[in-house]
Amino acid sequence: MGTSVLPPPPDLGSLRVATPDDVMRIGIVATAAFRYSPLFRWERPNHDQYPDDTLLSYRTQLKTAIQSDDFIVLVQESAYQPNESERTEAIIPANNGWTPPDAGQQVIVGVLSVKLEPDSPRKGQLKNHKGTYPDLPDCAGRDLNRRHYDSWGSLVGSVRKEHHCHGDSIVSMIVVHPAYWKHGYGTAMMKWSRDLSKIDSVAQCVSAAPMSEPLFITLGFETVCRITEDGDDDDPEGVSTALLEYRPSE
């Protein structure tokens with residue numbers, strides 16, 4: 001019985017495949033970066049009171065993605081800055097289970113998580129399960145506005161389906177710790193993801209916050225529509241992101 005041979009994925013360059021040992025650090029990077037997203041304000045209004053729950057939530061999400069054959073998770077490393085927690089508005093608890101290295105040693109500063117399209121022949125590729133997955137407790141989610149969190153997830157799913165993006169691969173996360181911004185790390189990760197879309201001739205979508213939307217547009221993504229939740233008594237400002245899609249040329 002023959003098997004189809006896929007073209008190789010894009011060269012990783014400075015990126016590498018995430019491992020089980022990365023989970024604790026990755027959660028810190030995600031928390032520090034997502035603090036600047038309007039969606040963070042909408043979904044996690046109690047972060048300041050329950051920062052441990054925020055951190056655990058992202059660690060759990062990324063542990064699941066690293067374990068799953070449906071996801072590719074890549075990381076970017078750079079020299080550790082001991083004062084990095086002072087350069088994010090997120091609260092990173094001091095005793096959070098991750099041991100920081102000495103200044104200048106390599107640490108993860110960026111994370112890319114891509115959910116592959118349904119029936120992708122790449123499922124299970126670019127995985128590295130060497131190491132030990134942390135034993136994480138159940139997350140109480142006390143930082144969340146549960147109603148906002150659940151309704152946003154349902155809304156995004158329905159909008160993707162309405163605009164026929166449900167067969168795309170999905171950029172589920174792309175973040176860089178604020179202490180390491182302006183080094184091109186986000187661009188490098190997004191270019192890799194876009195190039196995978198090109199190689200596999202598979203459309204790719206992302207729900208982009210206003211801060212990251214221009215980057216995606218520069219890389220060839222097009223706006224499909226805006227995804228908007230009106231304000232309410234809990235948060236009169238509401239929240240809005242852009243559904244963007246990259247369609248590789250035939």
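Considering only residues in segment 89-104 that are polar (S, T, N, Q) and under 14 Å from residue 25 (Cβ atoms), the one that is nearest to the chain's Cα centre (by Cα) turns out to be 96. Consider segment 175-190 and keep the residues that are touching a residue at least 24 places away in the same chain (Cβ under 8 Å) and not in a helix (DSSP H, G or I). The one that is farthest from the chain's Cα centre (by Cα) is 183. From the list 158, 197, 193, 172, the lone residue that is within 18 Å of residue 40 (Cβ to Cβ) and either in a helix (DSSP H, G or I) or at pLDDT 95 or above (or both) is 172. Among the residues making up segment 144-155, a single one is part of a loop (DSSP other than H, G, I, E, B) and either within 19 Å of the chain's Cα centre (by Cα) or modelled with pLDDT under 95 (or both): 144.
Conditions (1) closer than 25 Å to residue 230 by Cα; (2) crowded, with 19+ Cβ neighbours inside 10 Å; (3) among the aromatic types (Phe, Trp, Tyr); (4) modelled with pLDDT of 95 or more, marked per residue:
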{"site": "28", "(1), (2), (3), (4)": "no, yes, no, yes"}
{"site": "47", "(1), (2), (3), (4)": "yes, yes, no, yes"}
{"site": "53", "(1), (2), (3), (4)": "no, no, no, yes"}
{"site": "56", "(1), (2), (3), (4)": "no, yes, no, yes"}
{"site": "79", "(1), (2), (3), (4)": "no, no, no, yes"}
{"site": "84", "(1), (2), (3), (4)": "no, yes, no, yes"}
{"site": "88", "(1), (2), (3), (4)": "no, yes, no, yes"}
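Going by the conditions given, is residue 82 under 17 Å from residue 60 (Cα atoms) and in a loop (DSSP other than H, G, I, E, B)? Considered against the rule, which asks whether it is under 17 Å from residue 60 (Cα atoms) and in a loop (DSSP other than H, G, I, E, B), residue 82 comes out as no. Take the conditions (1) in contact with a Phe, Trp or Tyr (Cβ under 7 Å, 6 or more places away or on another chain); (2) farther than 19 Å from residue 36 by Cβ; (3) modelled with pLDDT under 95; residue 211 misses just one of them, which is (2).
The values are calculated or read from the model by the stated rules, or taken from the named source; none is laboratory data. Computed from a predicted model, the values in this text were never measured in an experiment. Every residue, glycine as well, gets a Cβ built from its backbone with ideal geometry; the counts of neighbours run over all protein chains shown.
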